[in-house]
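K.L.:
Structure in C-alpha cells, see below.
The values are calculated or read from the model by the stated rules, or taken from the named source; none is laboratory data. Note that the structure is predicted; figures quoted are calculated from it, not measured. Here the Cβ positions follow ideal geometry from the backbone for every residue, glycine too, while neighbour counts run over all protein chains shown.
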Amino acid sequence: MNTNKENNNQLTSKLPNVGISIFSEMSGLANEYKAINLSQGFPEFDTPEFIKQKINQYISRGLNQYAPSPGLPQLQNAIADLINEKYHSHINGSTQVTVTSGATEALFVAIQTLVHPGDEVIIFDPAYDSYKPAIELADGKVVHIQLKAPQYTINWSEVSDSITSKTKAIIINTPHNPTGTILKTSDITELSTLINQHDLYLISDEVYEHIVFDEQTHLSALRFNKLQERAFVISSFGKTFHCTGWKLGYCIAPPHLTEEFRKVHQYVTFSSFTPAQAAIADMLTENSNHVFELAEFYQKKRNILINALQKSRFKLLSSQGTYFLLLDYSAISDLKDIDFCQWLTKEHGVAAIPLSVFNNSGHCDKIIRLCFAKKDDTLIQAAERLCQL
C-alpha cells in the first residue's frame, strides 16, 4: 500500500477554524421555531419598483451577456457622480470605480491585492466576519484590536502601539457593523496621521454610507485627500436599494491601485450581473432621491424599535448608523450571548445575533444585535415579545 499517496489525498483546510456562520445558524433556528428573525441583516421589504421595472426591461431587451470587467461605463460614471456630489470629491468613473459582485468580493479582492505573506493588517473587533479569512488566505497576519463596550470607540494610542515594520494596512468600517457607531472628525485625524506616518494602506468598508442618523455626517475616506490617495473604499448597492440578493457592490481607489485591484478582480468574478448594473445606473441618474432619503427612512424604523422597547429590561446602546441596534441583556440573564440568543429564539420567538461572534477572542459583553430593516409591524411585534422578558 502506498501510504504516501494516501497522505497526499488528505486535504488540509486553508480555513480550519471556519464553520457554519452564526447568521445561517440563527436564521435556520428562526425558521425551525417560527421566530421573528431580527438576526440576519437583510431588508424585509422589497426593492424599489423603479429598479425592478428597469431590470425587467433590460433583460427583455437582451442585455444578458458579460459586462466589461470593471463595470458598465454608465454605472461607473453614475457612481462617480454620486460620490463627487456627496463627498465633494473628484472621482473618475472609468479609472477609479470597479463594480464587484457585492461588497464582500470587493473586500476580498482589495485584501488579495495588498497583502503578501507575512504582512500584518489591523482590524477592530467586533469585526465583520469576512476580513480575517481573506487576510489569512493571502498568508497575512491579522492584528486584532478589541473595542470596548458600550461606546466601542477606537483607542488610537493602542493602534499606534500595534503598528510594526510588517504592518501593511488598516481596515475601518464606518458606519460600523455590528455596533452602529460612526467615526468622528478626531478619528479621521488620528487615522490619517498614522496612515501617512507609517506609509500604510487603508481599506474603508462603507457599505452603510447612506444610513447615518440624527443629522450626523458620514466621514468617508473619499472626503480626505491624504486618505483617498492610499485607500480602497468599498460600498454596496444591496444595503442602499434593498436588493442584497443581487450581490452588487463597488470599490473606489486611485488609478494605480485600481489597476492592481482589477488584475485580481478579473480572476475572481470577472464581471457582475449586467442587467442589474444597467438598472442601478438608471436609478442613480434618474431617481437618486432614494439615496438621500435613506437615512430618514431607517431612522424612523430605529426610533419605532427603540420606543417599543422602552418598557423592556434591556439597556439600549446608541445606534448612530447602519440598520442595527445593540441591546445589553445583563439585567435579564447570566447566559453567554450565544446561549442567550438560542434561548431567546426557542423560548420567546425572536432571533438575534450574539456580539461575541464578531470578536476573535470570543469576548462576551452580554450584548446582542437586532436588525431593524423590517416592516413596522414586525418590529413592534418583536418588541412586544422582548418586553415580556
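K.L.:
Could you list all residues from the stretch 347-389 that are assigned to a helix (DSSP H, G or I) and hydrophobic (A, V, I, L, M, F, W, C)?
P.N.:
355, 357, 358, 379, 380, 382, 383, 386
K.L.:
A follow-up question, please. Check residue 158 against each of (1) within 26 Å of residue 317 (Cβ to Cβ); (2) charged (D, E, K, R); (3) in contact (Cβ under 8 Å) with a residue 40 or more places away in the chain and name the one condition it does not meet.
P.N.:
That leaves (3) as the condition not met.
Yes or no, residue by residue, for (1) surrounded by fewer than 22 Cβ atoms within 10 Å (Cβ to Cβ); (2) closer than 30 Å to residue 268 by Cα:
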| residue | (1), (2) |
| --- | --- |
| 151 | yes, no |
| 161 | yes, no |
| 170 | no, yes |
| 180 | no, no |
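K.L.:
From the list 271, 312, pick out the single residue that is surrounded by fewer than 21 Cβ atoms within 10 Å (Cβ to Cβ), assigned by TED's automatic domain parsing to the domain that holds residue 184 and not in a helix (DSSP H, G or I).
P.N.:
271 is the lone residue from the list that is surrounded by fewer than 21 Cβ atoms within 10 Å (Cβ to Cβ), assigned by TED's automatic domain parsing to the domain that holds residue 184 and not in a helix (DSSP H, G or I).
K.L.:
Can you confirm whether residue 183 is within 21 Å of the chain's Cα centre (by Cα) and not in a loop (DSSP other than H, G, I, E, B)?
P.N.:
Working: within 21 Å of the chain's Cα centre (by Cα): yes; not in a loop (DSSP other than H, G, I, E, B): no.
No, not satisfied.
K.L.:
Additional query: Hey, does the stretch 106-124 have a residue that's at pLDDT 95 or above and closer than 17 Å to residue 17 by Cβ?
P.N.:
For the stretch 106-124, residues at pLDDT 95 or above and closer than 17 Å to residue 17 by Cβ: present.
K.L.:
Please state which of the following conditions residue 279 fails to meet, knowing it meets all the rest: (1) among the small types (Gly, Ala, Ser); (2) surrounded by 15 or more Cβ atoms within 10 Å (Cβ to Cβ); (3) more than 23 Å from residue 63 (Cα to Cα).
P.N.:
Evaluating residue 279 over (1) among the small types (Gly, Ala, Ser); (2) surrounded by 15 or more Cβ atoms within 10 Å (Cβ to Cβ); (3) more than 23 Å from residue 63 (Cα to Cα) leaves (3) as the failure.
K.L.:
Turning to a different aspect of this structure: Scan the stretch 217-232 for residues that are in a helix (DSSP H, G or I) and of a type outside the set (Lys, Arg) and jot them down.
P.N.:
Passing the criteria: 221, 222, 225, 227, 228.
K.L.:
Right, something else. Conditions first: (1) touching a residue at least 24 places away in the same chain (Cβ under 8 Å); (2) surrounded by 15 or more Cβ atoms within 10 Å (Cβ to Cβ); (3) touching a helix residue (DSSP H, G or I) at 6+ places or on another chain (Cβ under 9 Å). Residue 27 passes all but one, so which condition is the exception?
P.N.:
(3)
K.L.:
May I ask you to verify whether residue 196 is touching a helix residue (DSSP H, G or I) at 6+ places or on another chain (Cβ under 9 Å) and either among the aliphatic types (A, V, I, L, M) or surrounded by 24 or more Cβ atoms within 10 Å (Cβ to Cβ) (or both)?
P.N.:
no
Yes/no matrix, rows are residues, columns are (1) part of a strand (DSSP E or B); (2) surrounded by fewer than 18 Cβ atoms within 10 Å (Cβ to Cβ); (3) not hydroxyl-bearing (Ser, Thr, Tyr):
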site: 293; (1), (2), (3): no, yes, yes
site: 302; (1), (2), (3): no, no, yes
site: 333; (1), (2), (3): no, yes, no
site: 345; (1), (2), (3): no, no, no
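K.L.:
With the condition kept exactly as written, say whether any residue in the stretch 55-64 is out of contact with any His (no Cβ under 8 Å at 6 or more places or on another chain), of a type in the set (Gly, Ala, Ser) and not assigned by TED's automatic domain parsing to the domain that holds residue 373.
P.N.:
Yes, the stretch 55-64 contains a residue that is out of contact with any His (no Cβ under 8 Å at 6 or more places or on another chain), of a type in the set (Gly, Ala, Ser) and not assigned by TED's automatic domain parsing to the domain that holds residue 373.
K.L.:
Something else about it: Sort through 39, 21 and tell me the only one that's small (Gly, Ala, Ser), modelled with pLDDT under 90 and within 30 Å of residue 368 (Cβ to Cβ).
P.N.:
Values: 39 fails: modelled with pLDDT under 90.
On inspection, the qualifying residue turns out to be 21.
K.L.:
Looking at (1) surrounded by 19 or more Cβ atoms within 10 Å (Cβ to Cβ); (2) more than 24 Å from residue 177 (Cα to Cα), which one does residue 102 not meet, given that it meets all the others?
P.N.:
Condition not satisfied by residue 102: (2).
Here is a yes/no grid of residues against (1) within 19 Å of residue 115 (Cβ to Cβ); (2) outside any strand (DSSP E or B); (3) not assigned by TED's automatic domain parsing to the domain that holds residue 159:
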residue: 202; (1), (2), (3): yes, no, no
residue: 210; (1), (2), (3): no, yes, no
residue: 215; (1), (2), (3): no, yes, no
residue: 234; (1), (2), (3): yes, no, no
residue: 264; (1), (2), (3): yes, yes, no
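K.L.:
Under the condition of being aliphatic (A, V, I, L, M) and surrounded by fewer than 19 Cβ atoms within 10 Å (Cβ to Cβ), which residue from the stretch 41-81 is nearest to residue 324 (Cα to Cα)?
P.N.:
The selected residue is 59.
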